Amino acid sequence: MAPVESLRPEALYRTCDPKQFKFKTTAEIEALEDTLGQDRAVDAVRFGIGMRRRGYNLFVLGPTGVGKHALARQFLDRRAASEPVPPDWCYVNNFKEASKPRVLKLPPGKAVTLRADMKHLVDELRVTIPAAFEGEDYRSRKQIIVQQFKERHEQAFGEVQKRAREKNIALIRTPAGIALGPMRKGEVLSAEEFDKLPAGEQERLKKDMDELQQELQETLHRVPKWDKEQREKVRELNREVTRFAVGHLIDELRGGYGDLPNVLEYLRGVEEDVTEHAEDFIIAATGGESPLAGLLPAPTETPFFSRYEVNVLVDNGSLEGAPVVYEDHPTHPNLIGRIEHIAQLGALVTDFSLIKAGALHRANGGYLILDARKLVFQPYAYEELKRALRSGEIRIESLAQILSLVSTVSLEAEPIPLDIKIVLIGERLLYYLLSAYDPEFDEFFKVAVDFEEDMALSAETVPLYARLIATLAHKEDLMPFDRSAVARVIEQSARLSEDAEKLSARVQSITDLLREADYWAQTHGRDTVAAEDVQDAIDAQLRRASRVRERIQEEIKRGTILIDTAGAAPGQVNGLSLLQLGGFSFGRPSRITARVRLGQGRVIDIEREVKLGGPIHSKGVLILSGYLGARYAPERPLSLSASLVFEQSYGGVEGDSASLAELCALLSAVAQVPVRQSLAITGSVNQNGQAQAIGGVNDKVEGFFDVCRNAGLNGEQGVIIPAANVKHLMLRREVVDAVKAGKFHIYAVETVDEAIELLTGLTPGERDKRGRYPKRSFNQLVEARIIGFAAKARRFGARPTAQGRKEKPGAGEESEEGAKGARKASRTNDRAR
């Protein structure tokens, strides 16, 4: 096996040559109109917008900062501009049942016109109706009706009075009513005088008075009916006069809505209601008021006349296409609308004019954009959205009404038909959680718009990325960037993507970098942003976020955190971990130690035992047991017990990126061979001993480099990484310069054997035809120690027989051979040290 060589400086950083650009500054570059690097997402958006079938709503998923909202809004605005403007919607009073307001669908802009027309109509009626009732014609006709019924009353009573006189009986009006009394010579007889009359005459008078009393009662019973007939006649006269006064005004209003049957039906209801309530217009004109008027605040408008208002819910008159609405706060009322209440005399009252629109109303006929995370966190908002999509209509109900929390009288507003395309924007995890746990989710959101986090870095994409930079600079009103600044931004984009062969698609991060570079260029007094300004912006970003990193480096330098960068020690390896604090990540070297002893083949993960290790880290440790047993004890028991730990680790440990370092520490402890402390190692390993790629390789390398630089670079320090991570290297210029000067080294390994050779200086060794490792090779030392452990385990496992002798479970020769192997391994280890 050829020795592993240190990587050349060219492999550690992929530069972008400014000379490849033909422009001097970004002011000369044409803006980029299409979205770069998001072909899959663009195709999905186009499909989702174009598919007008039920359930084909969009869920835009991807990491923060890749421009999900901007791209969705761009395509929606473009599509919406070519679509028809949706109708207006308004609520009006239901004159037959006020608790169930009616909804009117009107052409765009007509709702506001109808509202103004109705206001003008009411104003006209408030003048016209009282004037009509004050006219001479109305008064004459009403007087005739009153006179007719008066004459009828007088005639009926006159006939009774005439017959009474003929029979010498008088009709006497008393406070209690009309009474009858006998009369002689024009005078009413008193009781004493009546008693002096002959008995026959008294009987005659009593009989006559009884007959007249009955006739009088019949006449009095007809009076209420006559009064009712009079009132009905007057009421009919009022209706006739009102119709005459209102008819031409309503007819004139109908002329503007002849093609809208629902409006014409509503106007018929208005005409009938005005006719029935003409007296309210008269009371308002004569200054009539409620007895409580002085106790309550004066309303801005007479409450009665609000019944003729038009509550414009949605006015699309100003639109030039379908609406595109973004609701930033998708609560239940903000989404589906609400019904407000007014407190009056200690009670909550409402009417159709207090119905308010929600985002679904405003976006009806177009597109509604919602933040998925905000939506699902709002009580009942997500469920109400699905209910509206399922039913195809918007039904306004308050949460208190839905949950029966209050008994306040509310409205049952007529629902509005829903025709809308919903666009949810969120992270991938939320999308997958909803898809897994909500059985209705896939029914309503069939189109997944998945955004990429990065794009390929190639000769074709670099010029396009330069155009993207120019577009962002122009959009943000920044100074032009020269070609060197563009090249430096592209290099930093590759660093942000953690891949030398990729460019970051996180437009937000690139935009932030451009803004800050523009700031530093202004600070330096330049009129064009240069590469130095971009570098200043990068350094300032790191400076602002690196307090914890610098504190850890300081504690390592002071010896509080134990990390060696020189010397050698068995069972001790410098591992590299990654810490993430907010949006800032950095590498933190950690000492990993291993200890072995006689046991039953168990590798103890101390982090897991104390519940500080995550499941992926525990998986990586368990892989080590499989590797040890399969490689060094395939036909004998693995009779050792080992423990692994991250020293001075007081938080959780997760991930398998330290499994290669843990395996090297374990093998070193078994073989009792010291490991170079000038090297640090990172990488994952499988059961075959192959080194696997890990994340954050740049931060991890730089973390150990900073430790070595603080301790003093001596040319022996370096980092071992998996060969699969070489393509991800975009290291700081300082690290690349140190490698170029031979003061620091980066090694790429493919197997644990290559890593062991670098760490110990011993040849790992391969098995020969007889299955034996070369003498004094590292693997031979490991195997010999394991054989020795097995031999000791057999001796400990021997049991006395019935004759008092010890019977060993295995062949004696094999046990003795194991013991000899252990002794040889011990001597070889001494020579290796």
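So what is the accessible area of the chain per residue, in Å², with the probe set to 1.4 Å? Could you put the intermediate results ahead of the total?
Values: 42780 Å² over 833 residues.
The answer is 51 Å² per residue.
Return one number: the angle in degrees, 0 to 90 and rounded to the nearest 10, between the long axis of the Cα atoms of helix 39-50 and the longest principal axis of the Cα atoms of the chain.
Around 20 degrees separate the two axes.
If the only charges are +1 at each Lys and Arg Cβ and -1 at each Asp and Glu Cβ, what is the size of the charge dipole of the range 638-784 around the Cα centre, to the nearest 20 debye?
Working: 14 positive and 17 negative charges, 98 e Å.
Charge dipole, the range 638-784, about its Cα centre: 480 debye, nearest 20.
How high is the FRET efficiency between residue 162 and residue 285 when r is their beta carbon distance and R₀ equals 60 Å, given to the nearest 0.05? All intermediate terms of the calculation are to be shown ahead of the outcome.
Details: r = 46 Å, r/R0 = 0.76.
Computed FRET efficiency for residue 162 and residue 285 comes out at 0.85.
Using a 7 Å offset from the Cα along the Cα-to-Cβ direction at both residue 105 and residue 69, what is the distance between the two label points in nm, to one decimal?
3.3
Once you have a ≥ b ≥ c as the square roots of the Cα gyration tensor eigenvalues for the range 299-342, tell me rounded if a/c is under 1.5, and otherwise prolate or oblate according to whether a/b is larger than b/c. Could you put the intermediate results ahead of the total?
Numbers: a/c = 3.83, a/b = 1.55, b/c = 2.48.
Judged from the Cα gyration tensor, the range 299-342 comes out oblate (a/c at least 1.5, b/c at or above a/b).
Looking at the range 95-168, which trypsin sites (Lys or Arg not before Pro) are DSSP coil and have at most 10 other C-beta atoms within 10 Å of their C-beta?
Numbers: sites: 96, 102, 105, 110, 115, 119, 126, 139, 141, 142, 150, 152, 162, 163, 165, 167; in loops: 96, 167.
Loop-located and lightly packed - 96.
Points 7 angstrom from Cα along the Cβ direction at residue 542 and residue 477: gap in nanometres?
Label at residue 542, label at residue 477, 3.3 nm between them.
Please list, ordered by chain and number, the residues whose modelled amide H lies under 5 Å from the amide H of residue 418; skip anything fewer than 5 residues away on the same chain.
393, 394
How many times 2.2 N^0.38 Å is the alpha carbon radius of gyration of the chain? Provide the component values of the computation, followed by the final result.
Values: Rg = 48.4 Å, N = 833, 2.2 N^0.38 = 28.3 Å.
Ratio of Cα Rg to 2.2 N^0.38 Å: 1.71.
Within 10 Å of each candidate Cβ there may be at most 12 other Cβ atoms; applying that plus a DSSP loop requirement, which GluC sites (Glu not before Pro) in the range 728-766 survive?
Sparse-neighbourhood loop GluC sites (Glu not before Pro): 766.
Would you list 546, 509 from the most to the least accessible area, probe 1.4 Å?
Details: 546 0, 509 50 Å².
The ordering from most to least exposed comes out as 509, 546.
Run the dipole for the chain about the Cα centre, Lys and Arg Cβ at +1, Asp and Glu Cβ at -1, nothing else charged, and hand back the magnitude in debye, nearest 20. Could you put the intermediate results ahead of the total?
Values: 115 positive and 122 negative charges, 1046 e Å.
Computed about the Cα centre, the dipole is about 5020 debye.
What lysines could a cross-link reach from residue 700, if we take a straight Cα to Cα line under 29 Å and drop same-chain neighbours fewer than 8 places away?
502, 557, 611, 619, 727, 740, 743
Could you check how much of the accessible area of the chain is carbon and sulfur, as a whole percent, using a 1.4 Å probe?
Working: 21320 of 42780 Å².
Ligands and nucleic acids excluded, carbon and sulfur reach 50 percent.
Using θ = phi - 60° and the Karplus form 6.51 cos²θ - 1.76 cosθ + 1.60, what ³J(HN,Hα) does each residue of the range 76-89 get, whole Hz, x for Gly and Pro?
Couplings: 5, 4, 5, 6, 5, 4, 9, 9, x, 6, x, x, 7, 10 Hz.
Residue by residue through the range 348-359, which ³J(HN,Hα) values in whole Hz follow from phi under the Karplus form 6.51 cos²θ - 1.76 cosθ + 1.60 (θ = phi - 60°), with glycine and proline marked x?
Computed from phi, the couplings for the range 348-359 are 9, 10, 8, 7, 4, 6, 9, 7, 10, 6, x, 5 Hz.
Given the DSSP H assignment, sum -39500 (n - 2.57) over each helix run of at least 4 residues in the chain and divide by its residue total; what's the result at 222 nm in deg cm²/dmol, nearest 500?
Values: 28 runs with 392 residues, N = 833.
Roughly -15000 deg cm²/dmol at 222 nm, from the helical runs in the chain.
Provide the gained length on full extension for the span residue 711 to residue 515, in nm with one decimal, where the gain is 0.36 nm per separating residue minus the Cα-Cα distance.
Values: separation 196, 0.36 × 196 = 70.56 nm, distance 3.65 nm.
Additional length available on full extension: 66.9 nm.
With every protein chain in place, what's the accessible area of residue 520 (1.4 Å probe, Å², nearest 10)?
Its accessible surface works out to 70 Å², give or take rounding.
If you line up the long axis of helix 659-671 against the longest principal axis of the chain, both from Cα atoms, how many degrees apart are they, to the nearest 10?
30
For the range 358-486, what is the convex hull volume of its Cα atoms per residue in Å³?
Details: hull volume 23.7 nm³, N = 129.
So the per-residue Cα hull volume is 183 Å³.
Give, in nm to one decimal, the length gained when the segment between residue 46 and residue 5 is fully stretched (0.36 nm per residue of separation minus the Cα-Cα distance).
Numbers: separation 41, 0.36 × 41 = 14.76 nm, distance 5.05 nm.
Extra length available between residue 46 and residue 5 comes to 9.7 nm.
Tell me which lysines have Cα within less than 22 Å of residue 374's Cα, excluding those fewer than 8 residues away on the same chain?
Reachable lysines: 68, 356, 386, 421, 446.
What lysines does residue 206 reach when the alpha-carbon gap must be under 23 Å and sequence neighbours fewer than 8 apart in one chain are set aside?
162, 167, 185, 196
How much FRET efficiency would the formula 1/(1 + (r/R0)^6) give for residue 584 and residue 432, where r is the Cβ-Cβ distance and R0 is 30 Å, rounded to 0.05?
Numbers: r = 27 Å, r/R0 = 0.89.
It comes out at approximately 0.65.
Rank 37, 4, 20 by how far each Cα sits towards the positive end of the charge dipole of the range 1-42 (+1 on Lys, Arg Cβ; -1 on Asp, Glu Cβ) and give me just the farthest.
Positive-end residue among those listed: 4.
Skipping prolines and chain starts, which residues have an amide H placed within reach, meaning under 5 Å, of the one on residue 748, given they are 5 or more residues away or on another chain?
Hits under the 5 Å cutoff: 7, 721.
Using only Cα atoms, tell me the angle between helix 547-557 and the longest principal axis of the chain; keep it within 0 to 90° and round to the nearest 10.
20
Which distance in Å, rounded to a whole number, links the C-alpha centroids of the range 580-608 and the range 62-97?
Each part's Cα centre sits 53 Å from the other's.
Taking the Cβ of residue 323 as the center, what net charge do the other residues with Cβ under 13 Å away carry, scoring Lys and Arg +1 and Asp and Glu -1?
Numbers: positive: 73, 79, 362, 421; negative: 77, 83, 88, 315, 320, 327, 419.
Here the charged neighbours net out to -3.
Can you run phi through the Karplus equation (6.51, -1.76, 1.60; θ = phi - 60°) for the range 10-16 and list ³J(HN,Hα) in whole Hz, with x for Gly and Pro?
5, 7, 8, 7, 9, 7, 10
For residue 481, what residues show an amide H to amide H distance below 5 Å, using hydrogens built from the backbone and excluding near sequence neighbours?
Close amide H contacts, sequence-distant or interchain: 26, 27, 529.
The values are calculated or read from the model by the stated rules, or taken from the named source; none is laboratory data. Quick caveat, the model's predicted, so the values are computed rather than measured. A quick note on method: Cβ atoms are made from the backbone with ideal geometry, for glycine too, and the neighbour counts reach across all protein chains shown. Heavy atoms of the whole protein, side chains included, go into the accessibility calculation; ligands, DNA and RNA do not. Shrake-Rupley method; radii C 1.70, N 1.55, O 1.52, S 1.80 Å.
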